[in-house]
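Asks: Structure provided below as structure tokens; questions to follow.
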Amino acid sequence: GQQLNQSPQSMFIQEGEDVSMNCTSSSIFNTWLWYKQDPGEGPVLLIALYKAGELTSNGRLTAQFGITRKDSFLNISASIPSDVGIYFCAGISGTYKYIFGTGTRLKVLA
Amino acid sequence: EPEVTQTPSHQVTQMGQEVILRCVPISNHLYFYWYRQILGQKVEFLVSFYNNEISEKSEIFDDQFSVERPDGSNFTLKIRSTKLEDSAMYFCASSGVGDYEQYFGPGTRLTVT
């Protein structure tokens with residue numbers, strides 16, 4: 001089946017540093033989404049991307065929809081302790097079938 | 001702010017028993033979804049539902065699973081004969097018309113013993 005691979009799997013960073021993570025697939029997706037999940041809670045939508053090449057920001061977060069439509073990137077600038085959590089990318093396949101990535105676990109050191 | 005709610009928060013059941021997990025989507029949303037997440041793993045799509053029909057389903061969503069919108073507000077996931085490997089967090093989500101932005105509920109933790 002379709003798979004989305006995220007890298008890195010996990011990362012420790014210092015507070016104030018910028019963070020980059022990416023999501024790649026062997027399949028083309030027409031929509032990409034980025035979510036954050038805190039322990040014991042459901043994923044929360046951060047950014048939605050609808051066009052190849054699109055660059056969208058939400059506060060300190062910036063995400064890009066890759067030109068090939070097979071990848072997406074998320075950057076977090078000036079990280080703070082509450083950025084800790086698991087970040088998932090998701091691609092939409094078919095009409096309303098969402099495929100989630102393997103996740104990037106972020107830990108921020110104060 | 002409107003939100004998706006799920007009940008119960010935790011369900012313990014014996015293998016072979018039927019369970020029904022309940023969700024109340026955001027009121028003006030028309031697309032509904034169920035996902036599961038085994039502890040420490042990724043979120044897995046089960047099914048999407050629109051206009052009282054299944055739109056898409058994954059390989060996980062076999063004959064032991066069913067979904068229903070029994071009234072104007074609830075959306076349910078039934079597992080007919082639970083197995084140990086059905087133990088997971090089950091998340092409900094909803095989205096609006098022409099809008100792929102899904103909003104998730106807090107989840108139901110299902111434990112099958």
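Asks: Restricting to the stretch B:62-100, give me the number of residues that are under 26 Å from B:T113 (Cβ atoms), open to solvent by 70 Å² or more (accessible area, probe 1.4 Å) and aliphatic (A, V, I, L, M).
Replies: Here the count works out to 1.
Asks: Another question about this same structure. Against the condition farther than 30 Å from B:H10 by Cα and away from chain B (no Cβ under 11 Å), how does A:K51 come out, does it pass?
Replies: yes
Asks: Sticking with this one: Before we move on, is B:T113 among the β-branched types (V, I, T) and open to solvent by 80 Å² or more (accessible area, probe 1.4 Å)?
Replies: Yes.
Asks: Output the residues belonging to the stretch A:77-110 that are among the polar types (S, T, N, Q), open to solvent by 60 Å² or more (accessible area, probe 1.4 Å) and within 11 Å of another protein chain (Cβ to nearest Cβ).
Replies: Those that are among the polar types (S, T, N, Q), open to solvent by 60 Å² or more (accessible area, probe 1.4 Å) and within 11 Å of another protein chain (Cβ to nearest Cβ): A:T95, A:T102.
Asks: For A:K36, indicate whether it is within 13 Å of chain B (Cβ to nearest Cβ), touching a strand residue (DSSP E or B) at 6+ places or on another chain (Cβ under 7 Å) and part of a loop (DSSP other than H, G, I, E, B).
Replies: So A:K36 does not fit the description; no.
Asks: Among the residues of the stretch B:101-110 satisfying the criterion of being in contact (Cβ under 8 Å) with a residue 60 or more places away in the chain and open to solvent by 10 Å² or more (accessible area, probe 1.4 Å), which is farthest from the other protein chains (Cβ to nearest Cβ)?
Replies: Restricting to residues being in contact (Cβ under 8 Å) with a residue 60 or more places away in the chain and open to solvent by 10 Å² or more (accessible area, probe 1.4 Å), the top hit is B:R109.
Asks: Moving on to the next point. Restricting to the stretch B:1-16, what's the tally of residues that are assigned to a loop (DSSP other than H, G, I, E, B), in contact with a Lys or Arg (Cβ under 9 Å, 6 or more places away or on another chain) and open to solvent by 60 Å² or more (accessible area, probe 1.4 Å)?
Replies: Adding up the residues that qualify gives 2.
Per-residue answers, yes or no, for (1) within 11 Å of another protein chain (Cβ to nearest Cβ); (2) part of a loop (DSSP other than H, G, I, E, B); (3) acidic (D, E); (4) under 19 Å from A:L45 (Cβ atoms):
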| residue | (1), (2), (3), (4) |
| --- | --- |
| B:S27 | no, yes, no, yes |
| B:L46 | yes, no, no, yes |
| B:I54 | yes, no, no, no |
| B:P70 | no, yes, no, no |
| B:T82 | no, yes, no, no |
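The values are calculated or read from the model by the stated rules, or taken from the named source; none is laboratory data. Quick caveat: nothing in here was measured; it's all calculated off a predicted structure. Cβ: placed from backbone, ideal geometry, glycine included. Neighbour counts: every protein chain shown. For accessibility, only protein heavy atoms count, side chains too; no ligands or nucleic acids. Shrake-Rupley method; radii C 1.70, N 1.55, O 1.52, S 1.80 Å.
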